[in-house]
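The values are calculated or read from the model by the stated rules, or taken from the named source; none is laboratory data. Keep in mind the model is a prediction, meaning the values are calculated, not measured. Here Cβ is always computed from backbone atoms with ideal geometry, including for glycine, and neighbour counts include all displayed protein chains.
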Amino acid sequence: MNANGRLKVAVLGASGYTGAELLRLVVEHNGIEIAALTADRRAGEQVGAVYPHLAHLALPDMVAIDGVDWSAIDAVFCCLPHGTTQEVIAGLPGHVKIVDLSADFRLTDTATYARWYGGEHRAPGLQTEAVYGLTEIKREVVRNARLVANPGCYTTAAELPLIPCLEQGLIESQGIIIDAKSGVSGAGRSPKEGNLHTEVSEGIHAYAIASHRHTPEIDQELTEAAGEPIVVTFTPHLMPMNRGILATTYVSLKDGATADDLRAAMAKRYVDEPFVKLVPQGQAPATRHVRGSNLCLMGVFADRVPGRAILVSAIDNLVKGASGQALQNMNVMTGFEETAGLPRVAVFP
């Protein structure tokens, strides 16, 4: 803490979209001071040179990770690419609290990680310490954690509506189908041919069909909620928009259960939650209704096929799907008001 009692944080990977979004949020947090920013390829540059919309803020210049004085840092947001985070976090001093926005510590089984991410986990000891940070579900374990694995964006949108339904035994554990659409920012800022305007605009396409890396994460968390093994069908799609995720999930109801029962279970589970809300019955969530906010909006519909229901959820992939949930977790870990620095009103239109 600094002399004013503010938490001194470092943002690793500040030149990426999630790093920049964290800066946008954290500068509005009265209890946090941004003490260090890293971006190895942009080391020595000012943030404003990379993101002009942040140029007016009093932020430190970006440095290489080995240029950070860790004795002056209380907490870290790690926004580094998947596969690069394990060794970095393993090298941090023990007093530093960490929220990792990569996938490197989300999967509790390191063999599953190796299978889906194409390489052995390089910090298996730390994996046993990591806590999965879906805040509304894991709040109490997050509160006492040193290392929190921030959930993926698709997984956040899918898990929040499904978990209460599984916990209450209202839906079948098998045959869950998740059809999700994401904005292009979910692919990161590195130049990629598939993310060019001419490749993305005026169209929509599915990708990583039956092989997306968020799939085992969804299986893992739904299995825990249900108390029995779950394997979902998950197909992501890329949309010609900058931000947002819309997840449409198809489920089979247990005998005697109705779509109204699902809605009641979700309403009860999240009744006091500031960021997870059911939309009025009969309405459908939309990405334009959550843009720039830390909200997850959810709706429930009875399918025309008897015994089935449809869950629809919307989040901003850069906020509730990444940086906003990371700040929410850090608030819980460090004793701040959970909503501090987090917008609850979307930018519209």
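Yes/no matrix, rows are residues, columns are (1) under 13 Å from T155 (Cα atoms); (2) outside any loop (DSSP other than H, G, I, E, B); (3) modelled with pLDDT under 95:
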position	(1), (2), (3)
S190	no, no, yes
E228	no, no, no
V251	no, yes, no
A267	no, yes, no
Exercise for the section: State whether one or more residues within the stretch 294-302 are without any contact (Cβ under 8 Å) to a residue 40 or more places away in the chain, buried (at least 22 other Cβ atoms within 10 Å of the Cβ) and assigned by TED's automatic domain parsing to the domain that holds G188. Expected result: yes
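Among the residues of the stretch 116-136, which ones are of a type outside the set (S, T, Y) and in contact (Cβ under 8 Å) with a residue 60 or more places away in the chain? Give the derivation first.
Going through the stretch 116-136, the residues of a type outside the set (S, T, Y) turn out to be 116, 118-127, 129-131, 133-134, 136.
Of everything in the stretch 116-136, those that are of a type outside the set (S, T, Y) and in contact (Cβ under 8 Å) with a residue 60 or more places away in the chain turn out to be W116, G133, L134, E136.
Only one of H205, H214, H197, H237 is surrounded by fewer than 18 Cβ atoms within 10 Å (Cβ to Cβ) and within 19 Å of the chain's Cα centre (by Cα); which?
Matching residue, one of H205, H214, H197, H237: H237.
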Exercise for the section: Mind listing whichever residues of the stretch 9-68 are assigned to a loop (DSSP other than H, G, I, E, B) and of a type in the set (A, V, I, L, M, F, W, C)? Expected result: A14, V27, A39, A43, A55, L57, A58, L59, A64, V68
Fill in the blank from the handout: A264 passes all but one of the listed conditions (1) under 23 Å from the mean Cα position of the chain (by Cα); (2) over 30 Å from N195 (Cα atoms); the exception is number (1)
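Given the criteria assigned to a loop (DSSP other than H, G, I, E, B) and at pLDDT below 95, does P151 qualify? Before you say what the answer is, go through the steps one by one.
Details: assigned to a loop (DSSP other than H, G, I, E, B): yes; at pLDDT below 95: no.
Answer is no for this residue.
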Problem - Conditions (1) within 26 Å of H214 (Cβ to Cβ); (2) part of a helix (DSSP H, G or I); (3) in contact with a Leu (Cβ under 6 Å, 6 or more places away or on another chain): number failed by D261 - result: (1)
